[in-house]
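Novice: Below is a structure I'd like to ask you about.
The values are calculated or read from the model by the stated rules, or taken from the named source; none is laboratory data. This is a predicted model, so every value here is computed, not measured. Cβ: placed from backbone, ideal geometry, glycine included. Neighbour counts: every protein chain shown. Note: areas computed on protein heavy atoms with side chains; ligands, DNA, RNA excluded. Shrake-Rupley method; radii C 1.70, N 1.55, O 1.52, S 1.80 Å.
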Amino acid sequence: MKIVAFGGGTGLSTLLKGLKDFPDTEVTAIVTVMDDGGSSGIIREELGVLPPGDIRNNIIALAEDESLMAQIMAYRFRDGERFKDQSLGNLIIAALTKINGSFPMAIESISSILAIKGRVLPVTEESVKLIARFEDGQIVVGESNITKKNGKIKEINLSSQAKPFSKAIDEISMSDVIVLGPGSLFTSIIPNLLVDGIPEAVKDKPKILIANLMTQPGETTGMSVEDHVKTVENYLKSKIDRVIINSQKIPQAVLKRYEKENSEPVMCKSEDPKFSRIDMVKIIVDKMDGQEKVRHDPHLLAQAVRQISMGLIGDKSGIHS
């Protein structure tokens, strides 16, 4: 089974960590490259290289977790001034881009070094930024500024038209199933769908949306699962076949902390059979602030995606009910 998964950094990498453990599943991650903040933003601005952060996260996710090179790619400097918070993996990808003269070739090189179980591709090779129009009429440019605005997004576009990376289109054409998410709705999932030709390429493919566990302040505040689906379908220009949502209860103490950040569980009201309810919450302790955070369980999520994918492939072929 060949799965092509769209997204950004943290959410998509969680899915990949689970899928790589299944030898009968071939996975390709198609990743947004519109980030302009943090370590990636600095590299993009100063070196003229596409932002490598989300790409790096997904390459690491498909690598052997214990490998020294994977640890090097994941290393982030915590001391000093000039290099503080800079990712070593981002610098390596930037250096390989300069050496090879191509961002995709840099990705291919580091993927080969790490012997990753799958493929990671940029959705486009063109340097574009996100532009959001909010309900108050304000236009905000740049992913980092959009998330800081803390308002309700009415529409999101690219700063200019962008052609899709040709190998991404090839991978889509050979796929059995398309998976969207998990990840930030307007800054990780939808940006991929704004690239020319992507909605058309996935139109006739079975599509699964993985719903986020919590709303994201300043991006999806107050949005339900149904709101997420409707928004994705608007940019996708076709229907989602299945939606994976969490059915597991989140500890009250964890929810109270999220409430302080104006974040709440993404709830689903529909009883439509296309909404698959699955227990898949994992509580982690963030190494940076020591706080408990809600995440998808990689293995349970991967199992759900595989099971639903096989059902969709069967539905399409007429083999299974």
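Novice: If you average the sequence gap of Cα pairs under 8 Å that are 6 or more apart and divide by the length of region 200-321, what percent do you get for the contact order?
Specialist: RCO, region 200-321: 27 percent.
Novice: Whole-Hz ³J(HN,Hα) for each residue in region 164-175, computed from phi via Karplus 6.51 cos²θ - 1.76 cosθ + 1.60 with θ = phi - 60°, x for glycine and proline: what do you get?
Specialist: Those phi angles translate into x, 5, 4, 5, 5, 5, 4, 5, 4, 4, 8, 7 Hz.
Novice: Which order, highest average first, do 74-84, 160-170, 27-37 follow once you tally other Cβ atoms within 10 Å for each residue and take the mean per peptide?
Specialist: 27-37, 160-170, 74-84
Novice: Right, something else. Assuming R0 = 22 Å, can you tell me the calculated FRET efficiency for the pair Ala115 and Ser166, based on Cβ-Cβ distance, to the nearest 0.05?
Specialist: Approximately 0.35, to the nearest 0.05.
Novice: Which trypsin sites (Lys or Arg not before Pro) does region 224-299 hold that lie in a coil by DSSP with at most 13 other beta carbons within 10 Å?
Specialist: Taking region 224-299 and a limit of 13 other Cβ atoms within 10 Å, the loop trypsin sites (Lys or Arg not before Pro) found are Lys237, Lys239, Lys249, Lys269, Lys287.
Novice: Evaluate the distance, in nm, between pseudo-label points positioned 7 Å from the Cα of Glu259 and of Lys230 along their respective Cα→Cβ axes.
Specialist: Inter-label distance under the simple model: 2.7 nm.
Novice: Mind listing the phi-derived Karplus ³J(HN,Hα) values for region 35-40, rounded to whole Hz, using 6.51, -1.76 and 1.60 with θ = phi - 60°, and x for any glycine or proline?
Specialist: 5, 9, x, x, 4, 4
Novice: Which residue fluctuates the most in the chain, going by a Gaussian network model with Cα springs under 10 Å, if the choices are Pro298, Pro199, Pro273?
Specialist: The residue that fluctuates most here is Pro273.
Novice: Label points 7 Å out from Cα along the Cβ direction at Tyr75 and Asp289: separation in nm?
Specialist: Roughly 2.7 nm, to one decimal.
Novice: Excluding ligands, DNA and RNA, what is the solvent-accessible area per residue of region 179-321 at a probe of 1.4 Å, expressed in Å²?
Specialist: On a per-residue basis, 48 Å².
Novice: At Asp24 and Ser102, where each label point lies 7 Å from the Cα along Cα→Cβ, what is the point-to-point distance in nanometres?
Specialist: Roughly 3.5 nm, to one decimal.
Novice: So who's got an amide H within less than 5 Å of the one on Phe275, skipping anything under 5 residues away but keeping other chains? H placed 1.01 Å off N, in plane.
Specialist: Val243
Novice: Using a Gaussian network model of the chain whose springs link C-alpha atoms within less than 10 Å, name the residue from Gln303, Gln71, Gln138 with the highest mean-square fluctuation.
Specialist: Taking springs between Cα atoms under 10 Å, the residue moving most is Gln138.
Novice: Sequence gap at least 6, Cα distance under 8 Å: using those rules, report the relative contact order of region 154-265 to the nearest whole percent.
Specialist: 27
Novice: Give a quick list of chymotrypsin sites (Phe, Trp or Tyr not before Pro) in region 225-321 that DSSP marks as loop, anything other than H, G, I, E or B, with at most 13 other Cβ atoms within 10 Å.
Specialist: Hits after loop and neighbour filter: nothing returned.
Novice: Just list whichever of Lys117/Lys152; Lys154/Lys203; Lys154/Lys287; Lys2/Lys230; Lys149/Lys282 have alpha carbons separated by over 32 Å in the model shown.
Specialist: Those over the limit are Lys117/Lys152; Lys154/Lys287.
Novice: Taking amide H positions as placed in the peptide plane 1.01 Å from N, state which residues far from Val120 in sequence (5 or more) or on other chains have amide H under 5 Å from it.
Specialist: Residues meeting the criterion, in which the H sits 1.01 Å from N, are Ala29.
Novice: Let's test the formula: R0 of 30 Å, r as the Cβ-Cβ distance of His299 and Asn150. What FRET efficiency results, to the nearest 0.05?
Specialist: 0.30
Novice: Amide H of Lys129: which non-local residues (sequence gap of 5 or more, or other chain) have their own amide H closer than 5 Å, using H built in the peptide plane?
Specialist: Here Ser159, Ser160 satisfy the definition.
Novice: Test of the criteria: in region 109-140, which GluC sites (Glu not before Pro) are in a DSSP loop and have at most 12 other Cβ atoms within 10 angstrom of their Cβ?
Specialist: Glu135
Novice: Determine ³J(HN,Hα), in whole Hz, for all residues of region 273-290 in sequence, where each value follows from phi through the Karplus function 6.51 cos²θ - 1.76 cosθ + 1.60 and θ = phi - 60°; x replaces Gly and Pro.
Specialist: x, 6, 8, 9, 8, 9, 6, 7, 8, 10, 9, 10, 9, 5, 5, 7, 10, x
Novice: For the chain, give the percent of accessible area contributed by carbon and sulfur heavy atoms, probe 1.4 Å, rounded to a whole number.
Specialist: Heavy-atom surface of the chain belonging to carbon and sulfur, 1.4 Å probe: 49 percent.
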